[in-house]
Amino acid sequence: MSFWESFISYLLQGWVATLEILAISIPLSILLGLSLAVARVYGNWLISLIAGGFVALLRGLPLVVTLLIVFFALPKLGIYFSPFWAAVIAFIMCSGAYQSEYVRGAIRSIDVGQSLAAQALGMTKIQEVIYIILPQAFRRALPGITNEIIYLILYSSLAYLVGVQELFSIAKHFNSLQFRPIEIFSTTALIYAFMATIATLFFRKLENKLKIPGLETI
Amino acid sequence: MSDDIVLKVEDLHKNYGNVTVLKGVSFEVRRGETKIICGPSGSGKSTLLRCLNLITRPDKGRIWLEREEITNRNININKVRQKIGFVFQEFNLFNHLTALRNVSVGLEVVKKMNKDEARKIALEMLKKVGLEEHAHKYPAELSGGQKQRVAIARALAMNPAIIFYDEPTSALDPQLIGEVLEVMKALAREKVTSIVVTHEMGFALSVGDEMLFMYDGKIIERGIPQEVIQNPRCEEARRFFQRINELYVGKRR
């Protein structure tokens, strides 16, 4: 088998693993971001404190450290994850924490009149948040969320640290066997750039689809 | 309390810190009545309305809505608010929803009505305020007067026992005030019970059943609008109406 044939077939396996990580962590990180933001803005003091503490902690740690804690330190407390799930969990927590700040800012930017009108109709707080506040806040937070998703795509490569056979780890391994760094790493780089571009286009399309007159990002 | 009384307010007090905004307000609204409240800014009109639908909790005093005491702590606030329509000075339409959805969302989410039925009612209400052709538009695509008419339709759709209007034309350009007042007059003639905080004396004179003049957290003068406006007994009211008169009538002279 030629260099390129075996390289590409290995790399594709790694790419699939990377896509699996992303397919789980992107939607769940968005969900976590929304939940943390809602908990901070609307939770009672305890819930708000816990959510705020979580965000402060996760934003205060390098992702590498979070990842190593999840994979190496938690087992000492009796909590075990496979390398794949350790990576996914670390990514969701980190990205969710960052995303929550965009959403929180967006919620705070919604005019108080929206809330008053919802209350005046007899909506409960939960109905108000789900039907009135979040649909508007999500639209405003979307450009920021897109940014975080692109980061997430790129730093999914850190999963190699705990032994996940994903795109970057395969490339690194293959390079140690063949030592052709220019071909190997530039191909890998192209794939990451491709994924980031697809994500950018997808979220731009989503933004346009959700666009409402008068609700453009402020 | 007779069936005829929709809303009864007794000795309402409200403080914000050291500032006392309401100092014992009492009145009743009969079914079908249009009650006008006016008074200088800072007299407590808006606070009064917000206390009446419990967006702000009064510190003292009692309120009954259709014979049910709503100042009772055990009451479900959301159930109470369904029976009170509220039209805001700043419209407060939901920015992410079309005119139609603005009117139907309360029916769907709060009254758990199915979508088709809710939209049918919403369309009827938009028709009533003359906006069925704008049903698909978002708030940003509507003029101020149209927005306020959608807001009135939104309040009406819930089939409330009473509608509160909090200075509904104060944020509008003069040429848009008329269309909103026309809708409000039509509703008043249909005997939709309402409390209207407004400085539109023409509106008060044509459909107001009683006028309350508020000053410094109290109702200091009340009566049929014509009496209150043209022959106020107290000095504060006289000065107030004189100023309004200069502003509106003076210019025409």
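Every number here is computed from the coordinates shown, using simple stated rules; none is lab data. All figures in this text were calculated on a predicted structure; none of them were measured in a lab. Reconstructed Cβ throughout: ideal geometry from the backbone, glycine too, with neighbour counts over all protein chains shown.
Estimated from the Cβ-Cβ distance and a Förster radius of 51 angstrom, the FRET efficiency linking B:HIS136 and B:LYS60 is about 0.60. Over all orientations, segment B:78-192 has a Cα convex hull whose mean projected area works out to 6.6 square nanometres.
Over all residues in B:103-110, what is the mean tally of Cβ atoms on other chains that come within 10 Å of each residue's Cβ? Spell out each step's value before the answer.
Details: counts 0, 0, 7, 8, 1, 1, 10, 7.
Per residue, the number of nearby Cβ atoms from other chains is 4 on average.
Extent along the principal axes, Cα only, for the protein assembly as shown: 102, 48, 41 Å, with the longest axis given first.
Which angle from 0 to 90°, rounded to the nearest 10, does the C-alpha axis of helix A:83-109 make with the longest principal axis of chain A? Computed tilt is about 30 degrees. Can you pull out the chymotrypsin sites (Phe, Trp or Tyr not before Pro) in segment A:50-156 whose DSSP state is coil and whose Cβ has at most 16 other Cβ atoms within 10 Å? Those that pass, being in a loop and sparsely packed, are A:TYR80, A:PHE81.
Starting from the exponent 0.38 and prefactor 2.2 Å, build the expected Rg for segment A:3-210 from its residue count and divide its actual Cα Rg by it.
1.19
Within the straight-line cut-off of under 17 Å between alpha carbons, the aspartates and glutamates reachable from B:LYS45 are B:GLU10, B:ASP11, B:GLU28, B:ASP59, B:GLU90, B:ASP166, B:GLU167, B:GLU200, B:GLU210, B:ASP216, B:GLU221, B:GLU236, sequence neighbours fewer than 8 places apart in one chain being disregarded. A cut-off of 5 Å between modelled amide H atoms, ignoring neighbours fewer than 5 places along the same chain, links B:GLY85 with B:ALA161, B:ILE162, B:ILE163, B:PHE164. Pairs over the 20 Å Cα-Cα cut-off, from the set A:LYS125/B:LYS112; B:LYS147/B:LYS185; B:LYS23/B:LYS185: B:LYS23/B:LYS185.
With viscosity set to 1.567 mPa s and temperature to 4 °C, compute the Stokes-Einstein D of segment B:129-252, Rh being the Kirkwood radius across alpha carbon pairs; µm²/s, no decimals. The partial results should precede the final answer.
On the way: Rh = 15.9 Å.
The Stokes-Einstein estimate is 82 µm²/s.
Take the Cα atoms of segment A:1-107, build their convex hull, and give its volume per residue in Å³. Could you put the intermediate results ahead of the total?
On the way: hull volume 13.0 nm³, N = 107.
Expressed per residue, the convex hull around the Cα atoms of segment A:1-107 is 121 Å³.
In a fully extended conformation the segment linking B:ILE5 and B:SER26 would gain 6.2 nm over its present Cα-Cα distance, using 0.36 nm per residue.
Peptide A:134-141 shows a mean partner chain C-beta count of 2 within 10 Å per residue C-beta.
The helix-based estimate of mean residue ellipticity at 222 nm for the protein assembly as shown, built from -39,500 (n - 2.57) per DSSP H run of four or more residues and divided by its residue count, is -18500 deg cm²/dmol to the nearest 500. Over chain B, Cα pairs under 8 Å with separation of 6+ residues give a relative contact order of 26 percent. A Förster radius of 25 Å combined with the Cβ-Cβ distance from B:ILE77 to A:LEU31 puts the calculated FRET efficiency at roughly 0.25. Between A:ILE182 and A:SER109, the FRET efficiency from the beta-carbon distance, with R0 = 51 Å, is close to 0.60. Between segment B:1-71 and segment A:79-107, what's the alpha-carbon centroid distance in Å? For segment B:1-71 versus segment A:79-107, the Cα centre distance is 48 Å. Looking at chain B, what % of the alpha carbon pairs are farther apart than 32 Å? The share of Cα pairs beyond 32 Å in chain B comes to 21 percent.
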